[in-house]
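Asker: Okay, handing you the structure first.
The values are calculated or read from the model by the stated rules, or taken from the named source; none is laboratory data. Not measured: the values here are computed from a predicted model. Neighbour counts run over all protein chains shown; Cβ positions are idealised from the backbone, glycine included.
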Amino acid sequence: MREYIIKRIAVAIIVLYVIASLNFMIFQVFAPVDPTATILDPNFTYDMRQQLLQDYGLLEPIYLRYVKYIRNMFTWNFGYSFDSRKPIIEELSWRVPNSVLLLGVSLIGTVMLGISVGVFAGARRKSAADVIAVGAGLFADGVPTFFIQMMALLFFSYLMFLWFGFQVFPARGLTSVPAPTNPFAYMADVAWHLAMPALTLILSAFGGWALYTRNMIVEALTQDYVVTARAKGLSERTVLYRHAFRSVLPPISTMIAMSVPGIFTGAMITEYIFTWPGVGSWYIAGLNSGNFPVVQSVLFIYAILMLIANLIADLLYGVLDPRIRVGFRR
């Protein structure tokens, strides 16, 4: 087991270096971006642009830029944002908690609802409840997330305000302006602003989880070990949760582990629609303005989290599946 983990970590480091190098080449070699191209001020002369590129370090030889970039990435320095001229790590420090709040709540809600509906439907195959659950899952999985969010904005914010003079949920932002000074009022205000983006994410994402879990449960309930458990006289609830559901936990745990890195980058479209000040909306703004140090930093950290999630998923298999634990011992 120790040898396996060491090998996986060594491979992950190599993969991370390759990803970092590709990340550099995309923005500075294959498709170089000029961050001064978005400056529309007519008084901004050519000499001023050259000076700004010099300040950004973009007039240095490519190999020097590559060395500085690799050093910044692997020392978690990340350099400076072109837009704000502030250290990227400083801006990440307050944006990451906002994305983690939104995507963490959404992921927990999605997983709990999706798995619950999937288990419920799978245990009642071909019943009316199964048909309704599958139909709801297919509908939720098929409708684009942004469409659900735009409809929610239209109804709960704009139309409700137009018709009745109040909003069920606010249309944008993390807090009201000005934000409440009382700590409890502040938390309540954040929760009010969080409700609509989080609920729309849960509504649009639970369908895939429900359908996947339902199909896995249906297949598990036909296996020989389930037939044997029933033959022993075990209750249907025990058969479902202690045998069938436990057998599908490894692939479900992989899905959960692979979803966790997305909490860091945020739901980019969702953050953009609701003006949520997280990493996702910051990433989109960086793409639009040519602020590639921000884009490179976000992609690099996301790659790290994906590699860690892969390793954790592999280890969880050994914990959840006794057959894999036997394989490790051998």
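Asker: Please go through the stretch 145-159 and pick out each residue that is farther than 17 Å from Met268 by Cβ and among the aromatic types (Phe, Trp, Tyr).
Answerer: Phe155, Phe156, Tyr158
Asker: Enumerate the helices (runs of 4 or more DSSP H) found wholly within the stretch 212-323, keeping only those where 1 or more residues are touching a Gly at 6+ places or on another chain (Cβ under 8 Å) and at pLDDT 80 or above.
Answerer: 268-273, 279-289, 292-320
Asker: Another question about this same structure. If you take the residues in the stretch 146-200 that are aromatic (Phe, Trp, Tyr) and over 23 Å from Val100 (Cβ atoms), which one is nearest to the chain's Cα centre (by Cα)?
Answerer: Phe147
Asker: Would you point out the residue of the stretch 226-236, among those that are surrounded by 13 or more Cβ atoms within 10 Å (Cβ to Cβ) and of a type in the set (A, V, I, L, M, F, W, C), that is nearest to Ala121 (Cα to Cα)? Reasoning before the result, please.
Answerer: Pass one, the stretch 226-236, residues surrounded by 13 or more Cβ atoms within 10 Å (Cβ to Cβ): 226, 229-230, 234.
Narrowing further to those that are of a type in the set (A, V, I, L, M, F, W, C): 226, 229, 234.
Values: Val226: 17, Ala229: 21, Leu234: 21 Å.
It comes out as Val226.
Asker: Go through the stretch 111-164 and report how many residues are surrounded by fewer than 13 Cβ atoms within 10 Å (Cβ to Cβ) and among the polar types (S, T, N, Q).
Answerer: 1
Asker: Shifting gears a bit: If we keep just the residues of the stretch 194-225 that are buried (at least 20 other Cβ atoms within 10 Å of the Cβ) and either among the acidic types (Asp, Glu) or touching a Phe, Trp or Tyr at 6+ places or on another chain (Cβ under 8 Å) (or both), which is nearest to Ser259 (Cα to Cα)?
Answerer: Checking each candidate, the answer is Gly207.
Asker: Are any of the residues in the stretch 168-175 of a type outside the set (Gly, Ala, Ser) and part of a helix (DSSP H, G or I)? Let's see the steps before the verdict.
Answerer: Initial filter on the stretch 168-175 (of a type outside the set (Gly, Ala, Ser)): 168-170, 172, 174-175.
The next check asks that each one be part of a helix (DSSP H, G or I); those that pass are none.
No: the stretch 168-175 contains no residue that is of a type outside the set (Gly, Ala, Ser) and part of a helix (DSSP H, G or I).
Asker: Continuing with this model, one more query. Could you check Asp189 against (1) assigned to a helix (DSSP H, G or I); (2) loosely packed, with under 15 Cβ neighbours inside 10 Å and say which number it fails?
Answerer: Tallying (1) assigned to a helix (DSSP H, G or I); (2) loosely packed, with under 15 Cβ neighbours inside 10 Å, Asp189 fails exactly one: (2).
Asker: If I filter the stretch 4-25 for residues that are surrounded by 10 or more Cβ atoms within 10 Å (Cβ to Cβ), aromatic (Phe, Trp, Tyr) and at pLDDT 80 or above, do I get at least one hit?
Answerer: There is at least one residue in the stretch 4-25 that is surrounded by 10 or more Cβ atoms within 10 Å (Cβ to Cβ), aromatic (Phe, Trp, Tyr) and at pLDDT 80 or above.
Asker: Shifting gears a bit: Taking the condition of being among the aliphatic types (A, V, I, L, M), in contact with a helix residue (DSSP H, G or I) (Cβ under 7 Å, 6 or more places away or on another chain) and free of Cβ contacts under 8 Å to residues at least 40 places away in the same chain, how many residues in the stretch 167-181 meet it?
Answerer: 2
Asker: β-branched (Val, Ile, Thr), crowded, with 16+ Cβ neighbours inside 10 Å, free of Cβ contacts under 8 Å to residues at least 60 places away in the same chain and in contact with a Phe, Trp or Tyr (Cβ under 7 Å, 6 or more places away or on another chain), is that true of Val239? It would help to see each step written out before you state the result.
Answerer: On the way: β-branched (Val, Ile, Thr): yes; crowded, with 16+ Cβ neighbours inside 10 Å: yes; free of Cβ contacts under 8 Å to residues at least 60 places away in the same chain: yes; in contact with a Phe, Trp or Tyr (Cβ under 7 Å, 6 or more places away or on another chain): no.
Here the answer is no, as Val239 does not meet what is asked.
Asker: Name every residue in the stretch 40-73 that is hydrophobic (A, V, I, L, M, F, W, C) and surrounded by 14 or more Cβ atoms within 10 Å (Cβ to Cβ), in order of residue number. Give the steps one after another, and end with the answer.
Answerer: So in the stretch 40-73, the residues hydrophobic (A, V, I, L, M, F, W, C) come out as 40, 44, 48, 52-53, 58-59, 62, 64, 67, 70, 73.
Answer for the stretch 40-73, where residues must be hydrophobic (A, V, I, L, M, F, W, C) and surrounded by 14 or more Cβ atoms within 10 Å (Cβ to Cβ): Leu52, Leu53, Leu58, Ile70, Met73.
Asker: Oh, and also: Looking at the stretch 18-38, which of its residues are free of Cβ contacts under 8 Å to residues at least 40 places away in the same chain and under 26 Å from the mean Cα position of the chain (by Cα)?
Answerer: Listed by number, the residues that qualify are Val18, Leu22, Met25, Ile26.
Asker: In addition: So is Phe78 of a type in the set (Phe, Trp, Tyr) and either modelled with pLDDT of 85 or more or crowded, with 17+ Cβ neighbours inside 10 Å (or both) or not?
Answerer: yes
Asker: Quick one: which helices (runs of 4 or more DSSP H) sit completely within the stretch 1-90 and have at least 3 residues that are under 19 Å from Ile304 (Cα atoms)?
Answerer: The qualifying helices (runs of 4 or more DSSP H) are 2-25, 62-74.
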